[in-house]
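A.B. asks: Structure below; questions to follow.
Any read-out appearing in this document is the output of simple, stated calculations on the displayed coordinates, not a laboratory observation. In this text the structure is predicted, and so the values were computed from the model without any measurement. Cβ coordinates were reconstructed from backbone atoms using ideal geometry, including for glycine residues, and neighbour counts include every protein chain displayed.
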Amino acid sequence: MRTDLLTESVDGLDEALAAVDAFDGALAAGLLRPQPAQAAGLTELADAVAGTPLADRVAEAAEKAAAGAAGEDHFVALAAARTALLGSVHDALAHRVGEATGRGRAAADVPAPTAREAVNLLAAARSWLSDLARCGWQGMDHEVVSGAAQVVSAMLPDPELRRLATLLDGFAAELAASCPGASLERVPERRWADLWARAVLLTVPGAAELPETGTLTGRLLPLGVDVQEHATAVQAQVHAVFEPADGSAARLVRAGVSVPKPDTVVGAGLWQLLRPHLSLLEAVGEGRSMELTDMPVTAEGDLLWDNERARAGESADAFVTARVALPTATDGPTAPLDRHPSRIAVPVFLEGYAARQDDDESLYFDLAGSALAVDADRIPSASPLTPEAVAKSGACIGLLRWDAGRFVLQALAVESTVRKKAVALHAGAWAGGTTDKAGVKAEKAATDAVKVLRERAGKLLRK
């Protein structure tokens, strides 16, 4: 892997991000009565897409918004322009990652979904998001933010609307915790604009649907597990190499599961909530492959997991997979709405590096004259993997990400030499269960907490 390419500048990236920042600044102040600086930000966004099919619609939207007369369709056009710019940044970075890894990428042939959602609820969500854009982050208050509650409540019972409903619910909760906007010392402009633009585009009928595009039959070789935990939810995403039974080229795929959780369940206890929904986690914990039969998969390589279509296979060492199968596996394409720098998470394998820590305890892997930053904050608490183990390692399976203007590595598993023997630690080592004392203790605490909550829920339902 050519890590030196990851530190070189990318042509046009700074200019695209500057146009996005200009629009984000205009949105932060609100578009009800825009000031000259906001109008300039809107114009910069329109100029950035002047040579694209969006040009005319965005130019009109920017003009209307600068005059304080933007309607819902204009906000959709502005959100689309912003998303397209960040999509171009994503594509440029993904191309650079491809050069660094030397792996090919499948053709970006993601079929357009069909519209089946309740149009009236989508329109209601778009109306709230338009009101939010008019007041801006600095002008928002509890009255404006609370307007999402009724829309979210109506959407949640419908599985096809749940993706947007979850986004709106979390977005509104984050804004409510920051109200009133006028008192904020610092506004997270990029983050809130990301959430706003994505939500606006998901109100377009059909945009939220993820079409199933085929099935896979063959052997699945897990590489590692990415765990993302929040106060009320947890997600585990398994990254793996898939080898088709027909002998065609191997490809990278993902299988994920997300579940709600009580805030009292932490650490290794999280696996208890996840295991029943994804049998793959047990195989990961045991270091096994899985044999798939007609497993549904999207064009992007996301497996729509069905436990009935998978069975445990033979032992499969993740580091053997990383050394032998990963270099020739094909990366999957990215759906249009997912083309964002923050969505880059590419499996890579590194070895022969020298790990070092700076005075501020930032961790880097020095390899072939270049340094790659390691994001130790992404290491989950529900595993034996620790920042100290990563710092002492000599080989690493990780996800290459883009964060704060640079490429960083998220470690999924590391290998080090102890008494002349290779010892591996995995972020998903406890996925199928553990005999580790700390893990067993956390699992027991989680069992007790879940049992108490179920008893309380049962009493409430009986009442």
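A.B. asks: Points 7 angstrom from Cα along the Cβ direction at residue 456 and residue 386: gap in nanometres?
C.D. replies: The answer from the label model is 3.2 nm.
A.B. asks: How far is helix 119-139 tilted off the main Cα axis of the chain, in degrees rounded to 10, range 0 to 90?
C.D. replies: 80
A.B. asks: Here's something else I'd like to know. From the phi of every residue in segment 236-251, what ³J(HN,Hα) in whole Hz does the Karplus formula 6.51 cos²θ - 1.76 cosθ + 1.60 yield, where θ is phi - 60° and glycine or proline is x?
C.D. replies: Whole-Hz 3J(HN,Hα) from phi for segment 236-251: 10, 10, 8, 9, 8, 9, 10, 10, x, 5, 7, x, 6, 4, 5, 9.
A.B. asks: Right, next: With 10 angstrom as the radius, rank 64, 451 by how many other C-beta atoms surround their C-beta, starting from the fewest.
C.D. replies: On the way: 64 19, 451 10.
Starting with the residue having the fewest Cβ neighbours, the order is 451, 64.
A.B. asks: Remind me, relative contact order of the chain in percent, using alpha carbon pairs under 8 angstrom and six or more residues apart? Mind showing how you got there, number by number?
C.D. replies: Working: 877 pairs, mean separation 70.7, N = 463.
The normalised contact order for the chain reaches 15 percent.
A.B. asks: For the residues 186, 162, 254, what sequence is obtained by ranking on other C-beta atoms within 10 Å, fewest first?
C.D. replies: Details: 186 6, 162 14, 254 19.
The order, fewest Cβ neighbours first, is 186, 162, 254.
A.B. asks: Now for a different question. So how many Lys-Lys pairs in the chain land under 17 Å Cα to Cα, not counting same-chain pairs under 8 apart?
C.D. replies: Working: 261/444; 261/451; 392/420; 392/421; 441/451; 451/459.
Lysine pairs meeting the criterion: 6.
A.B. asks: Taking square-rooted eigenvalues a ≥ b ≥ c of the alpha carbon gyration tensor, is segment 235-343 rounded, prolate or oblate, where a/c under 1.5 means rounded and, failing that, a/b exceeding b/c means prolate? Write down the numbers at each step before the final one.
C.D. replies: Details: a/c = 1.69, a/b = 1.25, b/c = 1.35.
Verdict is oblate for segment 235-343.
A.B. asks: So, one more: How high is the relative contact order of segment 346-399, in percent, counting Cα pairs under 8 Å that sit 6 or more residues apart? Don't skip to the end; give the middle numbers.
C.D. replies: Numbers: 68 pairs, mean separation 24.9, N = 54.
Relative contact order comes out at 46 percent.
A.B. asks: If you don't mind, there's one more thing I want to ask. So which GluC sites (Glu not before Pro) in segment 331-430 pass both tests, a DSSP loop state and at most 12 other Cβ atoms within 10 Å of the Cβ? Please list the in-between numbers first.
C.D. replies: Details: sites: 351, 361, 388, 415; in loops: 361.
Hits after loop and neighbour filter: 361.
A.B. asks: Could you give the dipole magnitude of the chain about its Cα centre, charging the beta-carbon of Lys and Arg +1 and that of Asp and Glu -1, in debye to the nearest 20?
C.D. replies: Numbers: 45 positive and 62 negative charges, 320 e Å.
I would put it at about 1540 debye.
A.B. asks: What 222 nm value per residue comes from the helices of the chain, counting each DSSP H run with n ≥ 4 as -39,500 (n - 2.57) and dividing by all residues, nearest 500 deg cm²/dmol? List each step's numbers first, then the result.
C.D. replies: Details: 14 runs with 184 residues, N = 463.
Calculated from helices alone, the mean residue ellipticity at 222 nm is -12500 deg cm²/dmol.
A.B. asks: Can you classify segment 172-231 as rounded, prolate or oblate using the Cα gyration tensor, where a ≥ b ≥ c are the square roots of its eigenvalues, rounded means a/c under 1.5, and otherwise it's prolate if a/b beats b/c and oblate if not?
C.D. replies: Values: a/c = 3.91, a/b = 1.83, b/c = 2.14.
In terms of gyration-tensor shape, oblate.
A.B. asks: Starting from the Cα gyration tensor of segment 211-463, take the square roots of the eigenvalues, sort them a ≥ b ≥ c, and report rounded, prolate or oblate (rounded when a/c is under 1.5, otherwise prolate if a/b is larger than b/c, else oblate).
C.D. replies: Values: a/c = 1.57, a/b = 1.16, b/c = 1.35.
Oblate shape, in that a/c is at least 1.5 and b/c is the bigger or equal ratio.
A.B. asks: Now for a different question. Sequence-distant or interchain residues sharing an amide H contact under 5 Å with residue 213, placed H: which?
C.D. replies: 297, 298, 299
A.B. asks: Let me ask something else. Assigning unit charges at the beta carbon (Lys, Arg +1; Asp, Glu -1) and nothing else, what dipole magnitude in debye, to the nearest 20, does segment 3-202 show about its Cα centre?
C.D. replies: Details: 16 positive and 28 negative charges, 94 e Å.
Dipole about the Cα centre, nearest 20: 440 debye.
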